[in-house]
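Written below as structure tokens is the structure these notes are about.
The values are calculated or read from the model by the stated rules, or taken from the named source; none is laboratory data. If you're wondering where the values come from, they're calculated on a predicted model, not measured in any experiment. We place every Cβ from the backbone using ideal geometry, glycine too, and count neighbours over all the protein chains shown. Ligands, DNA and RNA are stripped out before the accessible areas are found, and what is left, the full protein with its side chains, is counted by its heavy atoms. Shrake-Rupley method; radii C 1.70, N 1.55, O 1.52, S 1.80 Å.
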Amino acid sequence: MSFLSNLFRKKEKKDKVDYSKTIIDAIGGDHEEIKWNNINNGMMKFFLSEYEKGKQNGYTPVILCVDRLLAETIDYNYRAENDITQYRSELLSSDLSYGKNFLKNRLDEQLEGFKEFEGNFDIYGSFDDSLGRENSFTSPHLLDNFKEKAFLFRIPTANPWEVFAWIPFGGWNECPVEKDMMAVCKYWYELYGAVPAMISGDTLQMYCPSPVKNNDDAVKLAEEHYAFCNDIVDQGAGEINKLASILIDSTVWYFWWD
């Protein structure tokens, strides 16, 4: 089990409600249910196979782990729009060139807020070479042997950052809204080839085929991850440089919003 996912393991009551219908009805399109007993030990292999097929056939695969929060968020965000087709069209035609500046501004805000509440504590801390790398996906529902449905959606776009125009996952608490997520993911895709891969109600995991290789690059990336999702430091790794230690050579990025 991975380091970051261990930090966020949560107990959840097994829901009797089938929320998958809400998600399927909202997103639509080509999808299939994933059988956990066939994939628990091969999630990365399964995703990479679909990812290669998607590059050949013009779609982007995303694994959705069904839970109440994910269903309610998607349903709410879709219902908030009078015309989904127009809303999606507007997102897809938006200027998304601001991802880097968005992260810089958020980092400044996060650091200022942290200093205000934590005083002289050094949020950067030190590197820890003993921390493991993230090179496989973890389903939040597998952490406590919670069995729920999961679906592979084949989103009809060759641009991975555009999946959030079909899967309106954000916009609650500190989780960025869809357009900001798209801008950030586009920026990271252009730098690292990183793509959204697995989403649950409060987590996003990304596949990064070109991970950072040295401390300097890792710190810069860890700052951006902290800006994007402060909980992975504030309630997770504890220090930015510890997160940077994990990111070196890691092909999976893990984000969790409380």
Under 5 Å between amide H atoms, partner at least 5 residues away or on a different chain: which partners does GLU134 have, H built in plane at 1.01 Å?
-> SER250, THR251, VAL252
In the P(r) worked out for the stretch 34-135, what percent of Cα pairs fall beyond 24 Å?
-> 62
Mind ranking PHE46, PHE117 by accessible surface for me, highest first, 1.4 Å probe?
-> PHE117, PHE46
Which angle between 0 and 90 degrees, to the nearest 10, do you get for helix 43-57 versus the longest principal axis of the chain when only C-alpha atoms count?
-> 60
Net charge, ALA222 excluded, C-beta distance under 10 Å - Lys, Arg +1, Asp, Glu -1 | -2
Relative to the compact globular guide of 2.2 N^0.38 Å, what is the alpha carbon radius of gyration of the stretch 181-258, as a ratio?
-> 0.99
In what order, largest first, do GLU178, GLU33 sit by accessible area if the probe radius is 1.4 Å?
-> GLU33, GLU178
Which value in Å does the Kirkwood hydrodynamic radius of the stretch 79-228 take, with 1/r averaged over all unlike C-alpha pairs and then inverted?
-> 17.4
Give me the accessible area of SER89, 1.4 Å probe, in Å² rounded to the nearest 10.
-> 70
Nearest 10 degrees, 0 to 90: what angle lies between the long axis of helix 215-228 and the longest principal axis of the chain (Cα atoms)?
-> 50
Residue-averaged 222 nm ellipticity for the chain, from DSSP H runs of 4+ at -39500 (n - 2.57), nearest 500 = -13000 deg cm²/dmol
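If you take the beta carbon distance between ASN105 and LEU48 as r and set R0 to 35 Å, what does 1/(1 + (r/R0)^6) give as a FRET efficiency, to the nearest 0.05?
In this case the efficiency is close to 0.55.
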Taking all protein chains as present, what is the carbon and sulfur share of the accessible area of the chain, in % to the nearest whole number, probe 1.4 Å?
-> 45
Rounded to the nearest 10 degrees, what's the angle between the helix 68-79 long axis and the longest principal axis of the chain, both from Cα atoms, 0 to 90?
-> 70
